[in-house]
Every structure is written in structure tokens, then in C-alpha cells.
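Below is one structure, written out as C-alpha cells; the observations come after it.
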Amino acid sequence: MLPFRPAPSWLADAVLYQIYPQSFADANGDGIGDFAGIAAHLDHLAWLGVDTVWINPCFASPMRDAGYDVSDYLTVAPRYGTDDDLATLVERARRHGIRVLLDLVAGHTAVEHPWFRAAADDPSDHRYVWADADPLPSGFVASPGTRPGGYLPNYFDFQPALNFGHARPDPAEPWRQPVDAEGPRANRRALRAIMDHWLTRGVSGFRVDMASSLVKDDPGKKETARLWTELRGWLDEAHPDAVLLSEWGDPAVSVPAGFHGDFFLQFGGATDGGPLRSLWNTGTGTDRDEWDPAPCYFDATGKGSFAGFAAAYAEATEAIGEPGHIALPTSNHDFSRLACAPRDAAQLPAAYAFQLTWPTLPAIHYGDEIGMRYVPGLPDVEGSVLTPRYNRAGSRTPMQWDDGPGAGFSTAPPERFYLPLDPDPARPSVAVQRRDPGSLLHTVRALIRLRRATPDLGSRSAVRVHNDGYPLVYSRGEHHLVVVNPSDRTATAPLPDPAHARATRLIGEGVTVGPDGISVGPFGYAVLRH
């Protein structure tokens with residue numbers, strides 16, 4: 001018997017789309033995107049084939065970490081509009097057949113949150129991880145109020161960690177509380193109340209920020225998993241059609257814990273995000289010194305390896321079983337876009353052919369559908385620069401809707417834009433690519449339509465890899481073969497089955513299939529039916 005209700009049926013066929021709201025579309029001309037701007041472009045998303053949108057944090061915030069420092073979970077940030085504007089967006093999206101997910105920052109708040117202001121003056125308040133000690137333990141920040149001691153931040157000092165307890169006691173740290181203490185219980189109740197508030201207002205679920213970070217000193221994340229299992233049980237009863245997707249980066253752990261799906265990310269799991277980075281990371285955008293510098297598989301030199309991703313996918317699917325999903329993003333607001341030097345526009349169709357035919361939930365970062373590039377060298381805006389080599393702003397630039405002034409993003413003067421536009425005069429745009437049937441935008445749309453029309457290509461159909469070098473060759477279901485060559489040279493592979501020589505090409509270019517095998521030109525791809 002499954003420990004949870006099955007995931008809502010709509011999720012298995014979902015095509016996710018991530019919207020960074022301050023960069024998507026500005027309707028009021030202040031240089032910052034807003035809910036009305038998103039609503040004005042729902043036709044684009046519906047035309048593309050998107051049916052589920054995830055919006056980065058849009059709650060009230062001082063915006064020192066772009067909204068991941070929440071000061072009020074039940075009110076939206078004024079720069080995006082009003083609560084009514086969000087409700088209007090959700091309703092208009094539903095009329096387009098699009099569900100809206102919000103981003104839930106579960107592990108910490110801003111120091112401006114009323115909860116924290118109260119805790120800073122009340123030694124009996126245990127909503128946050130607080131040590132009434134002198135000297136402070138390593139990593140703690142001195143109290144800003146009358147309360148002695150200090151608090152544990154989750155990331156930046158202005159993000160105090162909510163107290164969900166510690167998995168293990170430590171006599172040397174008597175301030176540690178067990179997971180069933182009143183402070184942790186109050187925070188679990190608060191998470192339910194926040195989710196219930198927005199779910200009753202029409203949203204379809206949440207992407208949960210840093211979902212693995214809640215319980216501290218938690219080997220194997222066992223207590224954190226129990227917390228989410230409890231919340232999933234409540235969600236199944238109270239909102240059975242809603243979903244929880246996690247920013248955990250380890251589907252083998254997070255989905256059995258209660259999430260309906262988890263993303264392969266640039267971090268997480270035993271290899272710190274190795275599976276996703278082994279596909280996409282060029283080493284020139286958001287990159288860390290400790291990451292493996294080996295070429296990724298979608299690299300023009302043809303020196304990458306698919307084995308690491310394949311092994312991680314197999315391990316995760318075995319652990320997950322039937323109830324949940326793995327999501328595979330093109331990029332995200334914290335990681336380099338697909339179009340990141342030296343990977344250029346010519347290489348992107350093959351990458352999308354893989355991403356939209358592998359048995360995961362595809363997640364498209366806004367603008368990736370037209371090949372918006374990672375823009376290097378941008379200023380630090382709202383905490384975007386983490387290290388000299390890890391500047392997240394390059395994946396957060398304004399959406400390029402057209403080739404007019406402001407790229408159709410905003411009518412404000414450019415100096416008021418949330419981030420500068422890509423300065424490349426040849427930057428792609430939605431308007432130009434809509435007019436070009438051979439564009440990346442039309443290719444992505446065609447692949448999404450093919451996926452929807454072909455059950456074999458969906459998230460639940462079986463996959464079997466026949467060649468894991470260059471080209472990548474794999475079967476989906478009983479009747480479909482996918483061939484992808486990310487390299488800049490012709491690649492060949494044997495036929496998995498003689499019957500494939502008579503296969504019909506459904507989409508793609510540069511692929512020849514015959515009795516002697518498969519030949520794929522540079523950056524070629526095809527989906528075949530046999």
C-alpha cells in the first residue's frame with residue numbers, strides 16, 4: 001500500500017515553466033516585472049504548450065535576497081501588485097489551462113518578519129534557532145534585540161532559521177530543541193496555515209525552497225523527511241489536487257518523504273548536483289571551484305559522459321517507484337542558462353530534444369525557449385553574487401519579448417530596469433522567433449506538442465538506453481526511438497533493432513537511419529516511430 005495518495009493525475013503530463021516575476025514583464029512601467037505583466041503574456045505560455053507555472057517568491061520582503069527573505073507570508077510584495085492582482089492572474093491562467101505554483105520559503109524568514117522581531121525580545125520564544133550563550137556558538141549572529149545570545153541564520157545573516165528542531169541532542173549545546181518541542185510544532189502548524197491560505201485562493205501547489213534544510217544536524221535527513229511526510233498527509237486530505245515540488249536536489253530521498261516531485265539541481269544528493277551539471281554545466285556561468293571541471297555531455301567537443309546522469313536517474317526512479325516524479329530543468333534562477341558560452345544557439349535544439357523526451361517532468365526557465373543567454377559580468381542585485389565565479393544575475397535578465405526599446409519588457413528608462421537587458425544586438429526575442437518557423441521557439445513548441453500527443457514520450461513510459469556515447473540513442477515505450485548528438489561532429493551508432501531501419505521520423509534533422517546503422521550530423525536529433 002502506498003504511504004500517500006497517488007500524485008494528482010495532471011502532474012504526470014505537466015510541462016513546467018519558471019517565472020522570475022521581477023524579470024518577466026513589467027505592466028506599470030516601473031522597470032520591475034509584476035503580476036499584470038505575467039497575465040498579459042499568458043497567451044504566449046498557452047501557445048508554447050506550458051500548463052504549469054512556478055513563480056519565484058512573490059511575498060512581502062525587504063528584497064535583500066530577491067524575495068527569499070520573507071517578511072509576511074500572507075501578503076504579496078507591493079512591487080508585483082496586490083493580493084487581488086495575484087488572484088486575477090491565477091484565474092486568468094486557469095482559463096488558459098495553466099496552473100500556478102508559488103514558491104514557499106519554508107526554512108527561514110527575513111529579520112523584519114514580526115515573528116523574528118518578537119523572538120528578538122522574548123527569551124521564551126522558540127520560533128527560531130536561538131542560543132542564549134556567551135560567547136555565541138560558531139555561525140550564530142548576535143541578537144538585534146533585548147534578548148541575550150543570538151540566532152542561527154540559514155544563509156545570509158538577515159535570514160534567521162526557523163526552528164524545526166535538531167535531530168540529535170548535544171550536551172555542549174543545551175539550546176538545541178527536539179523536533180517535537182513547542183517551537184518546532186508551532187512552525188509546522190504555520191506551514192500548514194500558509195499553504196492552506198494560498199491553496200484556498202486558487203493556487204495549485206508550491207515549489208518549496210531548500211526543503212532539506214529544516215531540521216538541523218539531521219543525518220540522512222530522516223527527521224526532515226518525517227516533517228514533510230506529516231505535511232503531505234495533511235495535504236492529501238485537505239487539498240488532494242495540489243502538489244508539492246521540492247528544491248532538494250535528491251529525488252531518491254525527497255519524493256519518498258512526501259513530495260510529489262523533486263528537481264535534479266546543480267546541488268543536492270551524494271554528488272552535490274553532479275547529475276544535472278554533467279548534462280549542462282559549461283563551467284563559464286554560475287560555477288564553483290569544487291565542481292568537477294570535466295566537460296558536460298551537451299558539449300560540442302563530444303568529450304562528456306552520459307553515464308553519471310543515467311545512473312542517478314536509475315537510482316532515483318527505483319527509490320521513488322510509482323507515486324512521484326523527477327523534474328529536469330533547462331536551468332533556473334540560480335544556475336546558468338542552457339545558452340551559456342561556449343554553448344550557442346545551434347546546440348540548443350538537440351538539448352531540448354533530450355529534455356522533452358526523457359521520462360521526467362520538463363521545466364523550462366523563462367526565456368530558455370528562445371535561447372536567452374547567461375549574461376556575464378552583471379552587478380550584484382538583491383544578493384545575486386555569491387562568489388566571484390557564481391553570479392546568479394546572468395540567469396535573471398529581463399525577458400526579451402521583441403526587438404524594440406526595452407525588448408518589450410518595460411517602458412521604463414533602461415537605468416530603472418531590475419537588471420540590464422542582454423546588450424548583445426543579436427539577442428533573440430519571442431516576436432522574431434514567432435515569425436520564423438525554423439526558430440528554436442517553434443522547435444520547443446513542436447517537441448512539447450509531440451510529447452503531449454505521444455504517451456510513449458511522457459513521464460511514465462519506459463526508457464531504455466541503447467547507446468550512451470555520441471550519439472545518445474534510447475527507446476521510449478514500445479514504438480519510439482530518440483537520437484541526439486550534442487557534438488559538433490558526425491556520430492554513428494548501431495541500430496538497436498533491424499526494424500528501426502524502417503522507422504518514420506516524427507521530428508528532427510541531421511539523422512539518417514538505415515540497415516547499416518544510425519548516422520547523426522553535428523547537433524542533430526530525431527524522434528522516430530518504428
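The values are calculated or read from the model by the stated rules, or taken from the named source; none is laboratory data. Since the model is a prediction, treat every value here as computed from it, not as a measurement. Quick reminder, even Gly has a Cβ in these numbers, built from the backbone with ideal geometry, and neighbours come from all protein chains shown. In case anyone asks, the SASA skips ligands and DNA or RNA and just uses the protein heavy atoms, side chains included. Shrake-Rupley method; radii C 1.70, N 1.55, O 1.52, S 1.80 Å.
Worth a mention:
Residues are listed down the side, and each one gets a yes or a no for (1) closer than 24 Å to Gly302 by Cβ; (2) out of contact with any helix residue (DSSP H, G or I) (no Cβ under 8 Å at 6 or more places or on another chain); (3) not β-branched (Val, Ile, Thr):
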| site | (1), (2), (3) |
| --- | --- |
| Gly469 | yes, yes, yes |
| Gly510 | yes, yes, yes |
| Pro515 | no, no, yes |
| Leu528 | yes, no, yes |
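- Identity of the residue in segment 318-339, free of Cβ contacts under 8 Å to residues at least 60 places away in the same chain and aliphatic (A, V, I, L, M), that ends up surrounded by the fewest Cβ atoms within 10 Å (Cβ to Cβ): Ala339
- Among the residues of segment 184-230, just one is open to solvent by 20 Å² or more (accessible area, probe 1.4 Å), closer than 18 Å to Ser71 by Cβ and touching a strand residue (DSSP E or B) at 6+ places or on another chain (Cβ under 7 Å), namely His197.
- Residues being at pLDDT 95 or above, under 21 Å from His466 (Cβ atoms), within 19 Å of the chain's Cα centre (by Cα) and open to solvent by less than 50 Å² (accessible area, probe 1.4 Å) are entirely absent from segment 281-295.
- Leading residue by the ranking (farthest from Gln266 (Cα to Cα)) among those in segment 340-361 that are open to solvent by 10 Å² or more (accessible area, probe 1.4 Å) and of a type in the set (Gly, Ala, Ser): Ala346
- Taking segment 442-457 as the range and being in contact with a helix residue (DSSP H, G or I) (Cβ under 6 Å, 6 or more places away or on another chain) and farther than 26 Å from Gly304 by Cβ as the test, only Arg445 passes.
- Subset of segment 467-478 (residues that are open to solvent by 10 Å² or more (accessible area, probe 1.4 Å) and farther than 13 Å from Thr357 by Cβ): Asn467, Asp468, Gly469, Tyr470, Glu478
- Failed item in (1) over 29 Å from Thr317 (Cα atoms); (2) surrounded by fewer than 21 Cβ atoms within 10 Å (Cβ to Cβ); (3) of a type outside the set (Gly, Ala, Ser), with Val520 passing the rest: (2)
- Test: residue in segment 73-81 that is at pLDDT 95 or above, farther than 18 Å from Ala40 by Cα, open to solvent by 10 Å² or more (accessible area, probe 1.4 Å) and in contact with an Asp or Glu (Cβ under 9 Å, 6 or more places away or on another chain): yes
- One residue alone among Asp402, Asp380 is surrounded by fewer than 18 Cβ atoms within 10 Å (Cβ to Cβ), in contact with a Ser or Thr (Cβ under 7 Å, 6 or more places away or on another chain) and acidic (Asp, Glu), and that residue is Asp402.
- Selection status of Glu315, open to solvent by 50 Å² or more (accessible area, probe 1.4 Å), free of Cβ contacts under 8 Å to residues at least 40 places away in the same chain and among the acidic types (Asp, Glu): no
- Residue among Asp134, Asp157 that alone is open to solvent by 30 Å² or more (accessible area, probe 1.4 Å), of a type in the set (Asp, Glu) and either outside any loop (DSSP other than H, G, I, E, B) or modelled with pLDDT under 95 (or both): Asp134
- Residues in segment 363-394 that are touching a strand residue (DSSP E or B) at 6+ places or on another chain (Cβ under 6 Å) and assigned to a strand (DSSP E or B): Ala363, Ile364, His365, Arg373, Val385, Asn391.
- Against the conditions (1) more than 20 Å from the chain's Cα centre (by Cα); (2) of a type outside the set (Asp, Glu); (3) at pLDDT below 95, Phe306 satisfies every one except (3).
- Tabulated pairs, segment 405-421, first more than 14 Å from Arg79 (Cβ to Cβ) and small (Gly, Ala, Ser), second at pLDDT below 95 and open to solvent by less than 30 Å² (accessible area, probe 1.4 Å), C-beta under 8 angstrom, 6+ apart or interchain: none
- Residue count for segment 82-99, restricted to those that are surrounded by 15 or more Cβ atoms within 10 Å (Cβ to Cβ) and small (Gly, Ala, Ser): 2
- Check on Gly274, farther than 17 Å from Pro362 by Cβ and either in contact with a Lys or Arg (Cβ under 7 Å, 6 or more places away or on another chain) or in contact (Cβ under 8 Å) with a residue 24 or more places away in the chain (or both): yes
- Of all residues in segment 160-182, those that are under 32 Å from the mean Cα position of the chain (by Cα), surrounded by fewer than 19 Cβ atoms within 10 Å (Cβ to Cβ) and touching a residue at least 24 places away in the same chain (Cβ under 8 Å) total 1.
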